[in-house]
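The values are calculated or read from the model by the stated rules, or taken from the named source; none is laboratory data. Since the structure is predicted, the reported quantities are computational estimates derived from the model, not experimental observations. Cβ: placed from backbone, ideal geometry, glycine included. Neighbour counts: every protein chain shown. Just so you know, the surface numbers come from the protein's heavy atoms only, side chains and all, with ligands and any DNA or RNA stripped out. Shrake-Rupley method; radii C 1.70, N 1.55, O 1.52, S 1.80 Å.
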Amino acid sequence: MLRKFALALALTAAPVAAQEVSTFTLGNGMDVVVIEDHRAPVVVHMVWYRRGSADEPVGQSGVAHFLEHLLFKATDTMASGQLSEVVAANGGSDNAFTSYDYTAYFQRVAADRLPLMMQMEADRMRNLKLTQEDIETERQVILEERNQRTENDPNALAREQMMAAQYMNHRYGVPVIGWKHEMEQLSYDDALSFYHLNYSPNNAVLVVAGDVTPGDVHKLAMEYYGPIPMEPALPERLRSEEPPQTAARRLTYVDPRVSQPYLSRSYLAPERDSGAQEKAAALVYLAQMLGGSPFSSVLGVKLQFDTQTAVYSAAGYNGQSLDDTTFALTVVPVPGVTLSEAEAAMDAAIADFMARDIDTDQMERIRTQLRASEIYARDNVEGLANRYGAALAQGLTVQDVQEWPQILETVTPAQIKEVAAEVLDPKRSVTMWVVAAEEDAK
């Protein structure tokens, strides 16, 4: 007990200092972020492109993720698969990932291998050499990936339907991996068109974290990325906007593979905006208050313990998004409790929360947990590289990232209540019941 008290006291007293990072921009428009950490002779090298699935042409869903796969094929100087083979031969690891807002590629290697990583990554930024056979082969790979991760998972299919209902006009309503019927039609020209337009230095963020100095990174970046010309025709990042939602939406997803009925509800919610992250910070607290720990959160206490209505409840919010994101609730009722009863209990718990003052003890516990999370995050070099890269690809700045811990620190009960009243509006919601059979939807 004494040790726990000492830890809590230390976390309360410890300030969360801004990250010491260096930034600069190359003449061709490529943004560079350097995070120094000299504890181990290791470096994380990442290139983030400010284009994701929400930036795809209409009718070509999945092309951003498709291209992510294709970038591991041949270039003018490397054979197909050679980049990953070289990374592994040098004792490192590499991978890539695609989201709605960005596509990123990274390697984690010994620090003295950084020049080689830059050389290979710069090569595939502009010199990808695809064949029709690459297209046919990799198209089957992504279709199989969809089969495994989505078609074979009723919960994943249900989430797709819910997102499509939540976003009627914005591309967040289209799955990152793509709709199957459009993935089947992705072509050589689709992939190359997306590549040539979007894979350019003026659309990229280079993040280097680890045992490096800003001067060394600048020199290497100038040598390998500097000669790549910018794309003068790079379009402004314009997206279709979601119209105001003026009516609650409901859907029931039926799949015999569902093992246990449950309900989910999502609300459109503001994202973290550059220079205006206060609402997002308040929503982080709200998610923890409503559905964090089952032993102290509103839904956990009322549904899982007081009324024994649910076996599981949760709330979630991730504000790091280029455009409006969602605030989500999930409840899994106990056997014998209908979804209607579980939903009514959830609504009653939320109404009770809105009618009462914020529990200040609960709020301070959450504040301490968030403070600890921010402090511990500084110890993970790869995590820091991801944090800065994603932020810059989603419209935030280095200053926004550095100010975030302090903004979390200063959230007030009034801010939480204000944002809760704004976001938890039934007219902004989508409620989904997920069941194995129609007769379970009651």
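A few notes on this one:
- Going through (1) open to solvent by 30 Å² or more (accessible area, probe 1.4 Å); (2) part of a loop (DSSP other than H, G, I, E, B) one by one, V258 falls short only on (1).
- Residue in segment 317-339 that is of a type in the set (S, T, Y), over 17 Å from E403 (Cα atoms), touching a residue at least 40 places away in the same chain (Cβ under 8 Å) and touching a Leu at 6+ places or on another chain (Cβ under 6 Å) present: yes
- Residues satisfying the stated conditions in segment 293-306, i.e. surrounded by fewer than 22 Cβ atoms within 10 Å (Cβ to Cβ), touching a strand residue (DSSP E or B) at 6+ places or on another chain (Cβ under 8 Å) and in contact (Cβ under 8 Å) with a residue 12 or more places away in the chain: P294
- Scoring G319 on the criteria (1) of a type outside the set (S, T, N, Q); (2) open to solvent by less than 20 Å² (accessible area, probe 1.4 Å); (3) part of a helix (DSSP H, G or I) leaves a single failure, condition (3).
- Answer from A110, A89 - the residue that is in contact with a Pro (Cβ under 7 Å, 6 or more places away or on another chain) and modelled with pLDDT of 95 or more: A110
Here is a yes/no grid of residues against (1) at pLDDT below 95; (2) assigned to a loop (DSSP other than H, G, I, E, B); (3) within 30 Å of M432 (Cβ to Cβ); (4) out of contact with any Asp or Glu (no Cβ under 6 Å at 6 or more places or on another chain):
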| position | (1), (2), (3), (4) |
| --- | --- |
| V205 | no, no, no, no |
| G215 | no, no, no, yes |
| G226 | no, yes, no, yes |
| E236 | yes, yes, no, yes |
| L251 | no, no, yes, yes |
| L263 | no, no, yes, no |
| S266 | no, no, yes, yes |
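- Considering V47, V42, V21, V58, the condition of being crowded, with 16+ Cβ neighbours inside 10 Å and farther than 30 Å from Q369 by Cβ is satisfied by V47 alone.
- Screening the candidates D379, D400 for the property of being within 30 Å of V212 (Cβ to Cβ), open to solvent by less than 20 Å² (accessible area, probe 1.4 Å) and of a type in the set (D, E, K, R) yields one hit, D400.
- You will find that of N155, N147, N169, the residue that is part of a loop (DSSP other than H, G, I, E, B) and more than 19 Å from T103 (Cα to Cα) is N169 and no other.
- For segment 106-144, residues that are open to solvent by 30 Å² or more (accessible area, probe 1.4 Å) and assigned to a helix (DSSP H, G or I) total 13.
- Any chance Y285 is among the aromatic types (F, W, Y), in contact with a Ser or Thr (Cβ under 6 Å, 6 or more places away or on another chain) and closer than 21 Å to E422 by Cα: no
- Test: residue in segment 294-303 that is of a type in the set (S, T, Y) and more than 30 Å from P335 (Cβ to Cβ): no
- For L192, the requirement of being surrounded by 16 or more Cβ atoms within 10 Å (Cβ to Cβ) and over 30 Å from V331 (Cβ atoms) is not met.
- Close pairs from segment 193-221: first in contact (Cβ under 8 Å) with a residue 60 or more places away in the chain and farther than 26 Å from H69 by Cβ, partner assigned to a strand (DSSP E or B) and among the basic types (K, R), Cβ under 9 Å, at least 6 apart: G210/R108
- Looking only at segment 61-91, and only at residues there that are free of Cβ contacts under 8 Å to residues at least 24 places away in the same chain and open to solvent by less than 50 Å² (accessible area, probe 1.4 Å), the one that is farthest from G389 (Cα to Cα): G81
- Subset of segment 327-364 [more than 19 Å from T309 (Cβ to Cβ), open to solvent by 40 Å² or more (accessible area, probe 1.4 Å) and not in a helix (DSSP H, G or I)]: R356, D357, D359
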